[in-house]
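Asks: Starting off with a structure, shown below.
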């Protein structure tokens with residue numbers, strides 16, 4: 001154990017990490033400093049991360065809970081991706097004031113619009129608490145150890161939160177071999193400032209998603225507000241623009257190939273320590289199921305959205321999220337197969353097992369235990385996927401499923417406090433759900449998803465609703481007719497989507513009403529079936545995988561002493577570094593490291609949902625009215641690529657040059673390296689970045705928002 005702790009404390013990298021591979025913990029970035037200098041970095045270690053004075057980490061926020069943003073002025077101006085602000089922009093839009101389609105540019109503070117539900121989380125400190133956690137757990141095993149771990153984490157987080165002044169999270173790293181306590185300040189008054197029209201912010205749509213070359217102006221702008229003491233506060237007209245400890249200056253000089261590039265951000269999840277059995281399960285069962293379900297969901301949603309602009313605005317944010325990872329899983333499977341990742345991991349595992357036996361290290365049983373664990377779980381993997389992706393696809397299904405704990409309380413402990421608690425939960429779920437609800441779309445989703453569940457999940461694993469109700473009462477040789485007729489009955493007779501009936505139920509909820517509601521009985525049939533028979537299997541699988549994975553990572557560290565290790569991404573701040581770099585995706589094909597507005601115009605298709613362009617931009621292009629934002633080569637660069645290591649959650653991350661200046665905002669990865677969350681590919685991995693000069697050009701020339709240009713520190 002002492003040997004392990006020395007390794008953990010001294011380095012953070014996976015196997016033989018290269019300069020462009022690795023999502024590094026900011027507080028320990030000094031371990032990489034010499035390599036960063038060699039690549040061109042001109043800043044000091046303290047410029048990157050320091051808790052005693054301002055550093056780059058203070059200019060980077062977790063935006064909206066799932067993206068990254070950067071502060072780019074002394075008045076709290078925040079830059080992120082268009083797709084990160086998409087939901088907020090859609091919510092603020094209406095058919096009459098369609099900021100999503102038409103764009104929006106605030107020319108004064110008074111024109112900035114409150115973005116309800118959007119937050120900005122600023123990292124305050126990172127503290128290693130591994131020894132404290134280990135001491136609290138002691139020699140306990142199994143459920144007892146899990147309970148002690150949970151208690152220790154809650155106690156640490158409560159103490160660090162300082163009576164709610166901070167947000168505190170204890171996160172595990174290296175699959176539970178290390179624990180860090182992270183504290184944040186959370187600002188909730190965030191206002192929408194600017195965004196280009198959707199045709200630019202989402203240019204290329206699903207066709208160009210995860211692809212290079214790219215020409216998308218994927219950015220939006222918000223502003224963080226604070227009270228008079230510069231502290232977090234709920235929205236108030238009296239709040240003032242936040243004064244940051246640090247904001248990023250902007251370089252309008254442009255970038256060249258081989259230039260140093262660094263990214264700060266909040267990458268979501270990677271699983272690079274996954275064993276071959278897990279990758280094989282993803283390829284054979286999980287990924288194909290997700291793609292099939294989402295393909296059907298998107299087709300239904302798209303048809304209804306295209307027919308009605310109001311429906312489009314309701315559902316467009318949700319559609320974008322589903323589409324993004326629909327294509328992601330297609331690409332991930334393709335690249336995992338192309339790179340033979342399963343075979344590569346099997347070879348690594350053979351080496352690991354041989355080393356363990358030779359050195360009597362006690363890890364030689366791990367791979368056989370992994371094999372047995374995955375073999376036990378595999379028959380239920382598709383069921384789990386369909387339960388989460390298909391059963392919960394319709395708004396009505398998800399809402400009805402929330403009634404499960406209320407039913408249990410009404411049966412077992414019908415005390416008023418408990419009932420009120422779950423009625424409150426039900427209302428909290430229903431309110432945002434109704435904002436995106438369209439009955440015609442939802443009914444079609446409900447019917448199709450129920451049919452797919454029946455068709456694709458093993459009959460022995462079905463909930464009883466299929467035979468007891470659906471086919472008994474509505475059965476027909478034509479399955480489409482069966483599920484349509486059942487769906488019509490459910491939607492006609494549920495109280496959940498009727499405001500008046502729902503409120504009446506909430507005032508006096510009874511089991512009789514729930515038992516008479518077909519939507520609730522449908523959902524509870526699925527929930528009870530899953531929670532009774534399959535949730536225990538999933539829980540046991542997760543618990544066993546956690547234990548084995550912790551041992552495997554510890555074993556890899558033990559086997560590879562002297563090498564650096566970095567932990568998987570876990571939605572905490574990381575730094576990656578590399579270079580601006582072109583690549584060759586296949587034989588006889590070479591990609592430049594940048595794209596231009598000429599390429600954007602070459603893709604232009606008038607009236608096309610993915611490749612249309614606003615007339616204002618076309619006019620600027622024809623007049624060659626590009627302002628001061630041209631590159632030295634005489635063209636307006638739109639996007640560029642680097643070999644930085646990123647994943648989901650890094651959307652909106654600042655791309656920073658050797659001098660600590662912002663040169664662009666990361667928004668995507670490339671198709672050839674979509675295996676990256678499981679297996680990093682040094683040859684092909686690229687990060688796609690919107691060039692900051694393209695952003696400034698649109699703010700300046702298209703938005704006429706000189707007020708925003710003037711408050712930035714732009715360096716030429």
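Asks: Determine the pairs where a residue that is outside the structural domain of residue 170 (by TED's automatic domain parsing), located within the range 131-142, has a partner that is part of a loop (DSSP other than H, G, I, E, B) and surrounded by fewer than 16 Cβ atoms within 10 Å (Cβ to Cβ) with Cβ atoms under 9 Å apart, the partner being 6 or more residues away or on another chain.
Replies: That search, which allows pairs on different chains as well, returns nothing.
Asks: Among the residues of the range 204-258, what is the count of those that are out of contact with any strand residue (DSSP E or B) (no Cβ under 9 Å at 6 or more places or on another chain) and in a loop (DSSP other than H, G, I, E, B)?
Replies: Residues flagged as out of contact with any strand residue (DSSP E or B) (no Cβ under 9 Å at 6 or more places or on another chain) and in a loop (DSSP other than H, G, I, E, B) within the range 204-258 amount to 5.
Asks: Which one of these is assigned to a helix (DSSP H, G or I), surrounded by fewer than 14 Cβ atoms within 10 Å (Cβ to Cβ) and touching a helix residue (DSSP H, G or I) at 6+ places or on another chain (Cβ under 8 Å): 151, 116?
Replies: Criteria check complete, one pass: 151.
Asks: Going by the structure shown, is residue 376 assigned by TED's automatic domain parsing to the domain that holds residue 297, surrounded by fewer than 18 Cβ atoms within 10 Å (Cβ to Cβ) and closer than 30 Å to residue 284 by Cα?
Replies: Yes; evaluated as a whole, the condition is true for this residue.
Asks: Looking for whichever is at pLDDT below 95 and within 23 Å of residue 525 (Cα to Cα) here; the options are 432, 405, 414, 379. Which one fits?
Replies: Only one candidate qualifies: 414.
Asks: Would you check which residues across the range 265-287 are in a helix (DSSP H, G or I) and within 20 Å of the chain's Cα centre (by Cα) and list them?
Replies: Our first condition is that a residue be in a helix (DSSP H, G or I); within the range 265-287, this holds for 276-287.
Within the range 265-287, 282, 286, 287 qualify.
Asks: Residues in the range 262-279: is at least one more than 25 Å from residue 674 (Cβ to Cβ) and buried (at least 16 other Cβ atoms within 10 Å of the Cβ)?
Replies: no
Asks: So, one more: Listed residues 532, 487; which is crowded, with 16+ Cβ neighbours inside 10 Å, out of contact with any strand residue (DSSP E or B) (no Cβ under 9 Å at 6 or more places or on another chain) and part of a helix (DSSP H, G or I)?
Replies: 487
Asks: Among the residues of the range 686-716, which ones are at pLDDT 95 or above and part of a loop (DSSP other than H, G, I, E, B)?
Replies: 686, 703, 704, 705, 712, 713
Asks: Is it true that some residue in the range 388-404 is within 28 Å of the chain's Cα centre (by Cα), surrounded by fewer than 20 Cβ atoms within 10 Å (Cβ to Cβ) and more than 28 Å from residue 302 (Cβ to Cβ)?
Replies: Yes, because at least one residue in the range 388-404 is within 28 Å of the chain's Cα centre (by Cα), surrounded by fewer than 20 Cβ atoms within 10 Å (Cβ to Cβ) and more than 28 Å from residue 302 (Cβ to Cβ).
Asks: Further question: Conditions first: (1) at negative phi; (2) crowded, with 17+ Cβ neighbours inside 10 Å. Residue 22 passes all but one, so which condition is the exception?
Replies: Single failed check for residue 22: (1).
Asks: Here is a check on your reading of the model: is residue 310 touching a residue at least 60 places away in the same chain (Cβ under 8 Å), part of a helix (DSSP H, G or I) and buried (at least 17 other Cβ atoms within 10 Å of the Cβ)?
Replies: Considered against the rule, which asks whether it is touching a residue at least 60 places away in the same chain (Cβ under 8 Å), part of a helix (DSSP H, G or I) and buried (at least 17 other Cβ atoms within 10 Å of the Cβ), residue 310 comes out as no.
Asks: Being farther than 30 Å from residue 638 by Cβ and either buried (at least 20 other Cβ atoms within 10 Å of the Cβ) or out of contact with any helix residue (DSSP H, G or I) (no Cβ under 8 Å at 6 or more places or on another chain) (or both), is that true of even one residue in the range 189-210?
Replies: Taking every residue of the range 189-210 in turn, at least one turns out to be farther than 30 Å from residue 638 by Cβ and either buried (at least 20 other Cβ atoms within 10 Å of the Cβ) or out of contact with any helix residue (DSSP H, G or I) (no Cβ under 8 Å at 6 or more places or on another chain) (or both).
Asks: Pull up the range 660-676, narrow it to residues that are out of contact with any strand residue (DSSP E or B) (no Cβ under 7 Å at 6 or more places or on another chain) and in a loop (DSSP other than H, G, I, E, B), then point me to the one that is farthest from residue 23 (Cα to Cα). It would help to see each step written out before you state the result.
Replies: First pass over the range 660-676, keeping only residues out of contact with any strand residue (DSSP E or B) (no Cβ under 7 Å at 6 or more places or on another chain): 660, 671, 673-675.
Retained after the next criterion (residues that are in a loop (DSSP other than H, G, I, E, B)): 660, 674-675.
On the way: 660: 18, 674: 16, 675: 16 Å.
So the residue we want is 660.
Asks: Residues of the range 434-465 being farther than 18 Å from residue 389 by Cα, over 27 Å from the mean Cα position of the chain (by Cα) and surrounded by 19 or more Cβ atoms within 10 Å (Cβ to Cβ), which ones?
Replies: Listed by number, the list holds a single entry, 465.
Asks: Please specify each residue of the range 496-517 satisfying the condition of being part of a helix (DSSP H, G or I) and closer than 21 Å to residue 431 by Cα. Step through it out loud before you land on a result.
Replies: Kept after step one, since they are part of a helix (DSSP H, G or I), are these residues of the range 496-517: 499-507, 511-516.
Answer for the range 496-517, where residues must be part of a helix (DSSP H, G or I) and closer than 21 Å to residue 431 by Cα: 499, 500, 501, 502, 503, 504, 505, 506, 507, 513, 514.
Asks: Criterion first (without any contact (Cβ under 8 Å) to a residue 24 or more places away in the chain and part of a helix (DSSP H, G or I)) does residue 299 satisfy it?
Replies: Working: without any contact (Cβ under 8 Å) to a residue 24 or more places away in the chain: yes; part of a helix (DSSP H, G or I): yes.
Yes; evaluated as a whole, the condition is true for this residue.
Asks: Another one. So which helices (runs of 4 or more DSSP H) are wholly in the range 29-111 and hold at least 3 residues that are touching a helix residue (DSSP H, G or I) at 6+ places or on another chain (Cβ under 8 Å) and touching a residue at least 12 places away in the same chain (Cβ under 8 Å)?
Replies: Those helices (runs of 4 or more DSSP H) span 45-48, 82-92, 99-102.
Residues are listed down the side, and each one gets a yes or a no for (1) more than 13 Å from residue 450 (Cα to Cα); (2) touching a residue at least 60 places away in the same chain (Cβ under 8 Å); (3) touching a strand residue (DSSP E or B) at 6+ places or on another chain (Cβ under 8 Å); (4) surrounded by fewer than 15 Cβ atoms within 10 Å (Cβ to Cβ):
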| residue | (1), (2), (3), (4) |
| --- | --- |
| 472 | yes, no, no, yes |
| 478 | yes, no, no, yes |
| 482 | no, no, no, no |
| 491 | yes, yes, no, no |
| 521 | yes, no, no, no |
| 526 | no, yes, no, no |
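Asks: Follow-up question, since we're still on this one. Taking the condition of being touching a helix residue (DSSP H, G or I) at 6+ places or on another chain (Cβ under 9 Å) and in a helix (DSSP H, G or I), how many residues in the range 348-371 meet it? Give the steps one after another, and end with the answer.
Replies: Going through the range 348-371, the residues touching a helix residue (DSSP H, G or I) at 6+ places or on another chain (Cβ under 9 Å) turn out to be 348-353, 355-356, 359, 361-371.
With the extra rule that they be in a helix (DSSP H, G or I), the set shrinks to 348-353, 355-356, 359, 366-371.
The qualifying residues number 15.
Asks: Within the range 373-461, which helices (runs of 4 or more DSSP H) (wholly inside it) include 1 or more residues that are free of Cβ contacts under 8 Å to residues at least 24 places away in the same chain and farther than 27 Å from residue 294 by Cβ?
Replies: 404-412, 416-435
Asks: Right, next: Scan the range 689-698 residue by residue and report those that are buried (at least 23 other Cβ atoms within 10 Å of the Cβ) and over 21 Å from residue 643 (Cα atoms).
Replies: Within the range 689-698, 695, 697, 698 qualify.
Asks: Name the residue, out of 574, 554, that is outside the structural domain of residue 367 (by TED's automatic domain parsing) and touching a strand residue (DSSP E or B) at 6+ places or on another chain (Cβ under 9 Å).
Replies: Just a single option satisfies the conditions, and that option is 574.
The values are calculated or read from the model by the stated rules, or taken from the named source; none is laboratory data. A quick note: this is a predicted structure, and the numbers were derived from the prediction, not measured. Backbone-built Cβ (ideal geometry, glycine too); neighbour counts: all protein chains shown.
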